[in-house]
Amino acid sequence: MTEPSRRRRRGSRRDPGATPAPPGAHAPRSAASTAGTLLLGALLVALPLWWGGVTEPAEWLALVAAPLALLLVGRGAPRLPLAGLLLLAVVAFMALQLLPIVPAAPATGAAPPGGGAPAWRAISLDPPASGRELAEAVAAWAAFSAAWIAGATRRRRDLLLAALGLAGLAVALAVLGRALLGLGPLLAPTAPFVNSNHLSGFENLGAFVLLGLALRARGQARALWLMAFVLVGAVAFLSLSRGGIGAFFGGVALFALLSLRRERPPGEAPRRLRLALVAGVAAALGVVAYLALDRVVAEMATVREPVDRSKLVLWEPAVEVIRDHPLLGIGKGAFETVFPAYKTDPDPVTFTHVENEWLQPLADLGLPAGLLLVGTLAAVWLGAARRRDLTLVEVGLLSGAGALAAHCVVDFSLEIPGVALPFAVALGLAARGARPVGVRPALSAAGTGLLLAA
């Protein structure tokens, strides 16, 4: 065989699980696009390690880096997903909540200011908090859109998938390293995430991405990715988050179900994949059993105790808030300010969130915008899960995102930038087959600039 023919054969080899880009998708092949993908990947790793992204400098980093990554990745790309435009409408409504467009009720006995001119207030009942939440929403939307554009090419898609998995591994190593050095507890750690529930939710997302990468790889690479999955899955258990532990098993069930539904490409050995899946999950549970079996079992045994119903009690005032502000909401981030007016429990505690991520938007944004947000995210996940041409890594991506979404029924992890942006990237990558909509590059850049200015 001649040297040119060898070169042609090497160049024609393809990943058996790879699928072509969606019709109409356009990802420019340029150094700027690759730089934007790398920037977004670096952000996915940095934010969780920086106290989950809840510090003000970390939020500024996300606000600057994510839109910049979108501008670089989308340079010359005239299309965005329909879901991205719907999410952009929700972000625009969040900005509208900051404008003084609602007549303010005058105090009893007080004369209107300006000799009878009506006073106006913002829709949000806590504009500073809503402004901060708007910044996070802009960053998350930019991350979603950039991931969708980058996902049209295999190389950039693989970069972001690896970044999601390695971010989970970096957090797991940080937790284990701090415990080994005596700088923090091994169980229910408070670093790098302040809240161990958020830690568990994030690790579930990263763990199943790592599992998908492991099953796609071969030989020594598969063993290394499986070891990473074992560590990340074990840390999800060591968080002692009951919702997170339950969500992990839900993710395993999702992974098995989606794997059975998918059409296997030629040459794939299903028996070996099943063995690797079982071995990885068993190894993760084995590490947990060795380190903290008694504590994990004891924590899970408290699920039915009355103290665990405190989160469910929060849903009642949330429903009342929705009933009182059905159309415009109270403003993103304003629940902590509004909650005391609806509080009936004598316990002197003020909650900052509803502890249910899918009920929270309905109270914050009102029913129209809240349902649009929740419905769009659900439609993206369900649309991807219905596909039969899923790769193993996409199965892991959807399983991790599904596990995190299930956990958020009793938590508010998606209010944390270090979790919200990786979740947005995961859905952006999963939506690679979504319907594209033509957008002029100049209009896209101008819109991103206006949101940043807001």
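Can you give me the distance in nm between label points at V64 and L224, each placed 7 Å from the Cα along the Cα-to-Cβ direction?
3.3
If each of A32 and V297 carries a label point 7 Å out from its Cα toward its Cβ, how far apart are those two points in nm?
With each label point 7 Å from Cα toward Cβ, the separation is 6.0 nm.
Looking at the calculated P(r) for segment 137-273, what percent of the C-alpha pair distances fall above 26 Å?
30
When you count, for each residue, the other Cβ atoms within 10 Å and take the mean per peptide, how do 226-237, 131-142, 80-91 rank with the highest first?
Ranking the peptides 226-237, 131-142, 80-91 by packing returns 226-237, 131-142, 80-91.
Determine ³J(HN,Hα), in whole Hz, for all residues of segment 405-418 in sequence, where each value follows from phi through the Karplus function 6.51 cos²θ - 1.76 cosθ + 1.60 and θ = phi - 60°; x replaces Gly and Pro.
5, 5, 4, 6, 5, 10, 8, 10, 4, 6, 7, 9, x, x
Would you mind calculating the gained length between R155 and W315 on full extension (0.36 nm times residue separation, minus the Cα-Cα distance), in nm to one decimal?
Values: separation 160, 0.36 × 160 = 57.60 nm, distance 4.36 nm.
Between R155 and W315, full extension yields 53.2 nm more.
If ligands, DNA and RNA are left out, what is the accessible area of L96 with a 1.4 Å probe, given in Å² to the nearest 10?
Accessible area of L96: about 70 Å².
Residues in segment 217-249, backbone N under 19 Å from the label point at R264 (7 Å along the Cα-to-beta-carbon vector): list them, ranges by number please.
Residues 217-219, 222 qualify, since their backbone N sits under 19 Å from the label point.
How much area per residue is accessible in segment 379-439 when the probe is 1.4 Å and only protein heavy atoms are counted (Å²)?
Roughly 25 Å² per residue, with all protein chains present.
Per residue, what volume in Å³ does the convex hull of the Cα atoms of segment 311-394 enclose? If you can, show how the numbers build up before the last one.
Details: hull volume 9.4 nm³, N = 84.
That works out to 112 Å³ per residue.
Counting Lys and Arg as +1 and Asp and Glu as -1, what is the net charge of the other residues whose Cβ lies under 15 Å from the Cβ of R261?
For residues surrounding R261, the net value is +2.
Can you work out the FRET efficiency for the pair L257 and L82, with r the C-beta to C-beta distance and R0 = 25 Å, to the nearest 0.05?
Using R0 = 25 Å, I get an efficiency of 0.40.
The values are calculated or read from the model by the stated rules, or taken from the named source; none is laboratory data. Note that the coordinates shown come from a computational prediction; the quantities given were computed from them, not determined experimentally. Neighbour counts run over all protein chains shown; Cβ positions are idealised from the backbone, glycine included. Surface areas here come from the heavy atoms of the whole protein model, side chains and all, with no ligands, DNA or RNA. Shrake-Rupley method; radii C 1.70, N 1.55, O 1.52, S 1.80 Å.
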